[in-house]
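Q: Below are the structure tokens for one structure; questions will follow.
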2 protein chains.
Amino acid sequence: MIAKCRSLGVGLRPHMKTLKAIEAARVAVDPAHGGIAVSTLAEADYFARAGIGDIQYAVCITPDKMARAAEIAGIARGFSAFLDSVEVASSLAGAPFAAWIEIESGGRRTGVLPDDPKLLEIAAVLREGGVALAGVATHGGHSYGARSVAEMVAVAEEERAAVVAAAERLRAAGFTVPGVSAGSSPTALHMARSDGLTELRAGVYMAGDLFQSGIHSLAEEEIAVSVLASVIAHRPDLNQIVVDAGGLALSKDRSTAALEGGDLGYGVVLDVEGTPSLGRLIVAGVHQEHGEIRGEAPLPFDRLPIGARVRILPNHVCMTAAIHDHYLVVDGGSEIVARWDKIVGW
Amino acid sequence: MIAKCRSLGVGLRPHMKTLKAIEAARVAVDPAHGGIAVSTLAEADYFARAGIGDIQYAVCITPDKMARAAEIAGIARGFSAFLDSVEVASSLAGAPFAAWIEIESGGRRTGVLPDDPKLLEIAAVLREGGVALAGVATHGGHSYGARSVAEMVAVAEEERAAVVAAAERLRAAGFTVPGVSAGSSPTALHMARSDGLTELRAGVYMAGDLFQSGIHSLAEEEIAVSVLASVIAHRPDLNQIVVDAGGLALSKDRSTAALEGGDLGYGVVLDVEGTPSLGRLIVAGVHQEHGEIRGEAPLPFDRLPIGARVRILPNHVCMTAAIHDHYLVVDGGSEIVARWDKIVGW
């Protein structure tokens, strides 16, 4: 992703909402740019204390979060936050951090439309309150609905066009707009033109998941995060192997159900070396702490005795990684070479 | 639930997998019985260190978990674990804790059928290895598929009949079977006869959720756990209010989608006092940290300005509570009277 962004002539701002670990940030950050994005103040606090200075809180901030944000900004001098309303811009007066105005580019979540009169009003209120304008930012969340490379390229261009239009409108009105930020992993990977952007945000690309491989962001064998589970029971009468990873350990994300190529349940099961030597097995059902592996009969019961370890590729790694408090890092195979602790919660 | 179990003449073993907090256990435990059930060794360890002595690990244990289980049993002298295989029974030889043989009663997850020859074999292997038999246990997980009280009563009787049959078979073969354990919240609440049972396990009843109210386990206004969230953005153009509780804070459980009475999305939105004064609003869409409230147009934007707090009732409280590390306890209204920390993870 660093190479892709350099080729586009933009900075990379890795979004740490996916992996939430400082060691991952150290690998992901482009030293030429330096910043990261986060999705919670707990992440912001964690990365600030770990020494990252440029932290963009890429979710609209609210007045009740100001005190904690100011405290974080005392540690991470480059802390900044999103907003999309005049009310919040007004409540930020005197804040010791910069603000990004969030722009709507088709994700239908938060943000002001580039031609909304509020855009200039928010910038004016920030200026009046002495709050630095970090720039304008957008997230083309609708890229997750795209199913072909051509659709992804189109969403990337919608993102770019919307946020650049907003920046130009602000500049025409006399505001200085240092940052023009866009991105999601699919659009960053497939972006054809980047003129007017200063940076791209992306997170899920660091790990990948079955949904991303389903929409051609990466190959399934490139997925870097899996859930290590143990076989806890055999049910040959049901052609079912039960593991100790259920809805909590895998998440109940079912995004892959909407993809072509068959339903992947709650994840794809690999052997402990991370290879698909067991055939195509999926976790077809989950309870809180139980996962039910099913597949073509008969399942490889002999190769997966009780106590055997498997790895389960996640549907949506952001959801799956979130509840786990550490990673065991392997460099091919199953030998653990490091443990990366991470932040959990808010 | 204590009263219900007493009326049935059985002990209550509250399942702490739902709330995972010692203060909740102190309220839930019937002093006449004393024990709890848990679903992870992290919970077992947490409750052991908090002083609970009788802890049933109600998931099949595996050989790789023996060392940690033995350590926990050194603290909680009444620690016990489930198993359903000869292999694990054999690996338990010399274990400093008792074993429950899990019985299949229709949940199609783990457990041996009451008439499976393995039942007696497992008991014999345990005796040979000097492992105390705590009893037989089952979980009628298929109660979650029941939609009427009559169906629930039928599942409760399937649970009871299966686990009592297993106990009788073992006793006829000369084994002592102290415990005969069944349960889920729906079956415990609707159980008509309990002869042969010594205890019922249930967890979700302590908090309740939209799925449980949908299947008539409790009324929606009795649901005790909600996610406190802040309004972070208004999108009147989409008739949408965005809050800072998304797929992580609410979970992606969609179990209520299968209920009659309309899809509840990712949860029902109440005012901060916990009352439905806002009208019928639901979180119709989620991203990782964003929840999109939609409902009949126009939404009450004026009553929910940016920064306003709402409470969101969960679809499945076991999934929702799991990632949060504490509860803020209110006794009606919104004044916080206590903070209950809880265990997260494995």
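Quick note: the coordinates plus some simple rules give every number you see, no bench work behind them. Keep in mind that this is a model prediction, so the values were computed, not measured. Cβ: placed from backbone, ideal geometry, glycine included. Neighbour counts: every protein chain shown.
Q: Using only alpha carbons, build the gyration tensor for the range B:67-182 and give me the equivalent ellipsoid semi-axes, biggest first, whole Å.
A: On the way: eigenvalues 139, 53, 26 Å².
Each semi-axis is the square root of five times an eigenvalue, giving 26, 16, 11 Å.
Q: Also, I was wondering about something else. Could you work out how far the C-alpha centroid of the range A:89-130 sits from that of the range B:66-124, in angstrom?
A: 59 Å
Q: State which entries of A:4/A:252; A:20/A:118; A:20/B:252; A:17/B:65 exceed 26 angstrom in Cα-Cα distance in the structure shown.
A: Details: A:4/A:252 32 Å; A:20/A:118 33 Å; A:20/B:252 20 Å; A:17/B:65 31 Å.
The pairs that break the limit, which is 26 Å between Cα atoms, are A:4/A:252; A:20/A:118; A:17/B:65.
Q: Another question about this same structure. Based on other C-beta atoms within 10 Å, arrange A:280, A:169, B:109 from fewest to most. Working shown, then result.
A: Values: A:280 11, A:169 18, B:109 23.
Neighbour counts put them in this order, fewest first: A:280, A:169, B:109.
Q: Can you give the % of DSSP beta bridges in the range B:106-263 that are antiparallel, to the nearest 5?
A: In the range B:106-263, approximately 45 percent of DSSP beta bridges are antiparallel ones.
Q: Also: Along the charge dipole of the range A:31-86, pointing to its positive end and built from +1/-1 on Cβ of Lys, Arg, Asp and Glu, which listed residue (A:53, A:37, A:82) has its Cα farthest out?
A: Farthest towards the positive pole: A:53.
Q: While we're on this one: Given Cα pairs under 8 Å that are at least 6 residues apart, what percent is the relative contact order of the range A:65-114?
A: Values: 57 pairs, mean separation 16.5, N = 50.
Over the range A:65-114, the number comes to 33 percent.
Q: Rule-of-thumb check for the range B:225-271: C-alpha Rg over 2.2 N^0.38 Å? Please list the in-between numbers first.
A: Numbers: Rg = 12.0 Å, N = 47, 2.2 N^0.38 = 9.5 Å.
Here the answer is 1.26, to two decimals.
Q: Hey, what's the Cα Rg ratio for the range B:6-51 versus the globular rule of thumb, 2.2 N^0.38 Å?
A: Numbers: Rg = 10.7 Å, N = 46, 2.2 N^0.38 = 9.4 Å.
Its radius of gyration relative to the 2.2 N^0.38 Å reference: 1.13.
Q: For label points placed 7 Å from Cα toward Cβ, what is the shortest-first list of nm distances from residue A:86 to its copies?
A: Copy-to-copy label distances for residue A:86: 7.8 nm.
Q: For residue B:260, place a label point 7 Å out from Cα along the Cα→Cβ vector, do the same in each other copy, and report the separations in nm, one decimal, smallest first.
A: 4.0
Q: Please figure out what share of the DSSP beta bridges in the protein assembly as shown is antiparallel and state it in percent, rounded to the nearest 5.
A: 50 percent
Q: Another one. Using just the C-alpha positions of the range A:205-299 as equal point scatterers, what log10 of I(q)/I(0) does the Debye formula give at each q in 0.24 1/Å?
A: For the requested q values the scattering log ratios are -1.43.
Q: Hey, another quick one. Largest first and in whole Å, give the semi-axes of the range B:246-291's equivalent ellipsoid, each being the square root of 5 times a Cα gyration tensor eigenvalue. Present the calculation step by step, with values, prior to reporting the outcome.
A: Values: eigenvalues 61, 48, 12 Å².
Computed over the range B:246-291, the values are 17, 16, 8 Å.
Q: In peptide A:138-145, how many Cβ atoms from other protein chains are near each Cβ within 10 Å, on average? Kindly include the intermediate steps, with their values, before the conclusion.
A: Working: counts 0, 2, 0, 2, 0, 0, 1, 0.
Whole-number average of other-chain Cβ neighbours for A:138-145 is 1.
Q: Under the √(5λ) rule applied to the eigenvalues of the Cα gyration tensor, what semi-axes describe the equivalent ellipsoid of the range B:127-232? Give them in Å, descending.
A: Whole-Å semi-axes of the equivalent ellipsoid: 34, 17, 9.
Q: Looking only at Cα atoms, what is the convex hull volume of the range A:82-150 per residue, in Å³? Please report the intermediate quantities before stating the final value.
A: Details: hull volume 5.9 nm³, N = 69.
Dividing the Cα hull volume of the range A:82-150 by its residues yields 85 Å³.
Q: Show the residues, 5+ positions off or on another chain, whose built amide H is closer than 5 Å to the amide H of residue B:104.
A: B:112, B:113
Q: So the label point sits 7 Å from Cα along the Cα-to-Cβ vector; using that for residue A:117, what distances do you get to the other copies, in nanometres, sorted shortest first?
A: Result, one decimal in nm: 8.4.
Q: Let me ask you something else. From the C-alpha coordinates alone, can you work out the Kirkwood hydrodynamic radius of the range A:3-120, in Å?
A: On the way: mean 1/r = 0.0668 Å⁻¹.
For the range A:3-120, inverting the mean 1/r across all distinct Cα pairs yields 15.0 Å.
Q: Could you state the principal axis extents of the C-alpha atoms in the range B:249-346, from the largest down, to the nearest angstrom?
A: Principal-axis extents of the range B:249-346 (Cα, largest first): 41, 32, 25 Å.
Q: In addition: Using just the C-alpha positions of the range B:141-296 as equal point scatterers, what log10 of I(q)/I(0) does the Debye formula give at each q in 0.10, 0.11 1/Å?
A: -0.48, -0.56
Q: If I take R0 = 45 Å and measure r between the Cβ atoms of residue B:6 and residue A:297 in this structure, what FRET efficiency does the formula 1/(1 + (r/R0)^6) give, to the nearest 0.05? Let's see the in-between values first.
A: Details: r = 46 Å, r/R0 = 1.03.
The computed FRET efficiency comes out at 0.45.
Q: List B:290, A:326 from most exposed to least, where exposure is judged by having the fewest other Cβ atoms within 10 Å. Don't skip to the end; give the middle numbers.
A: Values: B:290 25, A:326 12.
Result, fewest neighbours first: A:326, B:290.
Q: Another one. Percent relative contact order of the range B:86-229, based on C-alpha pairs within less than 8 angstrom and at least six residues apart?
A: Numbers: 264 pairs, mean separation 30.0, N = 144.
After rounding, I find 21 percent.
Q: How would you order B:202-209, B:41-48, B:259-266 from highest to lowest mean count of nearby Cβ atoms within 10 Å? List each step's numbers first, then the result.
A: Details: B:202-209: 24.6, B:41-48: 22.9, B:259-266: 16.5.
Result, highest mean first: B:202-209, B:41-48, B:259-266.
Q: For chain A, compute Rh as the Kirkwood radius over C-alpha pairs and then the Stokes-Einstein diffusion coefficient at 4 °C and 1.567 mPa s; write the answer in µm²/s, rounded to an integer.
A: For the chosen part, D equals 61 µm²/s.
Q: From the convex hull of the Cα coordinates of the range A:38-87, what is the mean projected area in square nanometres? Can you show the working numbers first?
A: On the way: hull surface 12.2 nm².
About 3.1 nm², averaged over all directions.
Q: Here is a further query. Rg to Rh for the protein assembly as shown: what is it, with Cα atoms only and Rh by Kirkwood? The partial results should precede the final answer.
A: Numbers: Rg = 26.4 Å, Rh = 26.5 Å.
Taking Rg over the Kirkwood Rh, I get 0.99.
Q: For n ≥ 4 DSSP H runs only, could you compute -39500 (n - 2.57) per run for chain B, divide by its residues and tell me the 222 nm figure to the nearest 500? Don't jump to the answer; show the numbers that get you there.
A: Values: 11 runs with 95 residues, N = 346.
After summing the helix terms and dividing by residue count, I get -7500 deg cm²/dmol.
Q: Find the relative contact order for the range B:1-153 and round it to a whole percent, using C-alpha pairs within less than 8 Å whose residues are 6+ positions apart.
A: Values: 270 pairs, mean separation 23.3, N = 153.
Reported as a whole number, the value is 15 percent.
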